[in-house]
Amino acid sequence: MTFPEHTVEKIGGTSMSRIHELVDTLFIGGRRGGDLYHRIFVVSAFGGITDLLLEHKKSGTPGVYALFANDDDDHGWLSALSRVAEAMNAAHHAVLSDAGDLALADDFVRDRIEGARSCLFDLQRLCSYGHFRLSSHMMVVRELLSGLGEAHSAFVTSLLLQRAGVNARFVDLSGWRDEDEYTLEQRIAAALRDVDLARELPIVTGYAQCAEGLMREYDRGYSEVTFSNIAAWTGAAQAIIHKEFHLSSADPRLVGADAVRKLGHTNYDVADQLANMGMEAIHPNAAKILRQSDIPLRVTNAFDPGDPGTLIDDKPANTPAVEIVTGLNVVALELFEQDMVGVKGYDATTLEVLKRHNVRIVSKTSNANTITHYVEASLKTVRRVISDLEAIYPSAHLSARAVSIVSAIGSDLSGLRVLSRGLVALETADIEVIAAHQTPRNVDAQFAVSREAADRAVAVLHEALIGAAGHGSLEKAA
């Protein structure tokens with residue numbers, strides 16, 4: 001099947017909560033007739049809904065999934081599911097105004113929530129028999145719950161646009177009450193094969209139920225993977241992510257709104273480095289799909305529709321430059337063993353233990369007898385890693401220290417002396433550098449500093465390596 005030249009566009013959860021503001025700008029703007037179409041929109045759940053369904057992304061506060069998994073108190077997950085229904089209703093009542101549309105949205109929420117409640121009750125009852133274990137079904141439960149949020153937001157958005165005169169079409173990839181099993185590609189194909197992009201505007205769920213199990217592989221990065229697969233399968237001319245801010249050279253709260261600049265253009269190498277630093281322009285696996293399909297990605301500010309945003313593609317930089325400075329809190333896990341030199345296996349064993357505890361490695365350095373991993377994890381988790389490693393290497397000395405990595409990133413840093421200039425700037429600002437390194441690929445230079453000094457280090461490095469003069473400003477960056 002072929003499609004006319006079109007774009008596939010994604011809206012994140014924070015922007016979804018302001019979806020009514022985007023109807024007259026992002027969705028319609030100055031478009032009329034056929035110009036309204038030739039686009040596919042993939043939407044996330046309304047802001048906060050997925051946190052209530054699963055667990056809070058930052059604080060870890062349990063949602064329906066986490067409470068159901070613990071199974072200590074039936075009323076816990078039941079109450080949490082009722083809170084989800086209340087939050088969903090509040091979300092669509094904030095953006096819909098027509099009484100008929102509100103009734104449809106209320107009914108939609110009631111059907112999905114009651115269906116999920118019945119399903120979870122039945123599963124609990126089934127697992128009360130000794131032959132069935134709840135733990136073996138929890139990933140399916142996580143998938144089921146995730147799909148509720150995206151289905152709700154896509155349905156509500158389609159109602160909102162239809163009321164505004166747009167021929168929007170709700171496309172549900174969540175597999176709700178679907179008895180067939182599809183791969184992700186088959187799921188996308190089945191849902192989109194009869195869509196007429198010249199006359200319809202598909203509003204597609206960010207979650208897709210499929211045989212591969214998106215949650216198992218990508219957890220909460222699934223919506224961008226769905227988005228990129230739709231772009232690849234339909235042969236989109238461009239993939240676009242609409243955020244609530246511009247991709248800029250630093251956090252304006254740290255360096256000042258008049259000092260930062262919009263990136264404008266960068267490549268997938270930089271996108272990967274940003275993802276590694278916890279500042280995802282796009283999930284690395286989603287970026288890989290787009291890159292392999294030769295589809296450029298544009299990241300825009302949804303609330304600044306006149307600005308083209310930042311284009312990300314595979315092209316090399318025109319000139320070497322530091323494009324962005326950002327920081328991330330990590331734990332420095334250091335393994336020192338005097339007898340390590342010349343002996344193989346220490347690194348592999350450490351990696352295996354980190355993998356077992358599901359600890360993400362941000363960076364690492366080593367010398368003759370020391371290996372230091374900079375990991376994104378709690379000190380409590382790192383202590384468990386240390387306990388395992390001490391049992392394996394009783395003569396080794398292991399330590400953990402909470403630090404921050406501040407990274408200067410660019411498509412091409414060759415010839416800029418970023419490492420030495422950064423060290424001089426931090427020394428001049430009286431910021432102690434715990435460690436620093438730059439790889440031969442010349443896409444980033446990393447500086448480990450105390451957490452207390454991290455914000456100031458971002459500002460210092462931004463001024464030294466990017467600077468405000470001649471770069472313009474980005475007053476609307478968030």
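Some observations on this one:
- Within the chain: Cβ-based charge dipole about Cα centre, in debye rounded to nearest 20 (Lys, Arg +1; Asp, Glu -1): 460
- Counting only protein heavy atoms and a 1.4 Å probe, region 29-165 has 46 square angstrom of accessible area per residue.
- Across region 226-374, Cα pairs under 8 Å and at least six residues apart give a relative contact order of 24 percent.
- Residue among G264, M279, A332 farthest towards the positive dipole end of the chain, charges placed on Cβ: A332
- Per-atom-type breakdown for the chain gives carbon and sulfur 48% of the accessible area (1.4 Å probe, protein chains only).
- Cα gyration tensor of region 1-61 - equivalent ellipsoid semi-axes, whole Å, descending: 30, 15, 6
- The magnitude of the dipole of region 44-137, with charges of +1 and -1 set on the Cβ of Lys/Arg and Asp/Glu and taken from the Cα centre, is near 320 debye.
- Expressed to the nearest 5 percent, the antiparallel share of DSSP beta bridges inside the chain is 65 percent.
- Restricting the calculation to Cα atoms, every distinct pair contributes to the Kirkwood radius of region 47-194, found to be 16.6 Å.
- In this structure the amide hydrogen of E212, modeled in the peptide plane, comes within under 5 Å of the amide hydrogens of L184, none closer than 5 places in sequence on its chain.
- Only Lys, Arg, Asp and Glu carry charge here, each on its Cβ (+1 for the first two, -1 for the last two); on that basis region 178-288 has a dipole of about 560 debye about its Cα centre.
- Along region 208-218 the Karplus relation, 6.51 cos²θ - 1.76 cosθ + 1.60 evaluated at θ = phi - 60°, assigns HN-Hα couplings of 10, 6, 7, 4, 5, x, 4, 5, 4, 8, 10 Hz to successive residues, with x for each Gly and Pro.
- Ranking T226, H242, Q162 by Cα position along the charge dipole of region 100-247, where only Lys, Arg, Asp and Glu carry charges on their C-beta atoms, puts H242 farthest toward the positive end.
- Taking chymotrypsin sites (Phe, Trp or Tyr not before Pro) in DSSP loop conformation with at most 13 other Cβ atoms inside 10 Å as exposed sites, the chain has its longest uninterrupted site-free stretch at 133-478.
- Start at zero, step by 10 Å, and the Cα-Cα distances of the chain spread as 4, 18, 25, 25, 18, 8, 1, 0 percent across the bins.
- Per residue, the accessible area of region 265-424 comes to 46 Å², computed with a 1.4 Å probe over protein heavy atoms only.
- Averaging the Cα positions of each part gives two centres, and for region 28-52 and region 234-264 these lie 19 Å apart.
- Derived scalar couplings ³J(HN,Hα) [region 249-259; Karplus, 6.51 cos²θ - 1.76 cosθ + 1.60; whole Hz; x for Gly, Pro]: 6, 5, 6, x, 5, 9, 10, x, 4, 7, 9
- Restricting region 389-449 to GluC sites (Glu not before Pro) that sit in a DSSP loop and have at most 15 other Cβ atoms within 10 Å of their own Cβ leaves E432.
- Distant-in-sequence amide H partners of E9 (H built 1.01 Å from N, under 5 Å): I40, F41, V42, I240
- Between region 70-145 and region 268-328, the alpha-carbon center distance in angstrom: 35
- The 3J(HN,Hα) values that the Karplus relation (6.51, -1.76, 1.60; θ = phi - 60°) gives for region 138-144 are, in residue order, 5, 5, 5, 4, 4, 5, 4 Hz. Gly and Pro appear as x.
- Each 5 Å bin, from zero up to the one with the longest distance, holds this percent of the alpha carbon pairs of region 40-129: 3, 13, 20, 22, 18, 13, 7, 3, 1, 0.
- With a 1.4 Å probe rolled over the protein heavy atoms of all chains, the accessible area of H75, H93, H131 falls in the order H131, H75, H93, largest first.
- The chain - mean residue ellipticity at 222 nm from DSSP helices (-39,500 (n - 2.57) per run, n ≥ 4, rounded to 500): -12000 deg cm²/dmol
- Taking trypsin sites (Lys or Arg not before Pro) across region 159-204, the ones in a DSSP loop with at most 16 further Cβ atoms lying within 10 angstrom of their Cβ are R177, R193, R199.
- Legend: P(r) of region 366-424 from all alpha carbon pair distances, 5 Å bins from 0, whole percents, reading 4, 13, 18, 17, 15, 11, 10, 9, 3, 0.
The values are calculated or read from the model by the stated rules, or taken from the named source; none is laboratory data. Since we're looking at a predicted model, the values are computed, not measured. Quick reminder, even Gly has a Cβ in these numbers, built from the backbone with ideal geometry, and neighbours come from all protein chains shown. The area values use the complete protein model at the heavy-atom level, side chains included, leaving out ligands, DNA and RNA. Shrake-Rupley method; radii C 1.70, N 1.55, O 1.52, S 1.80 Å.
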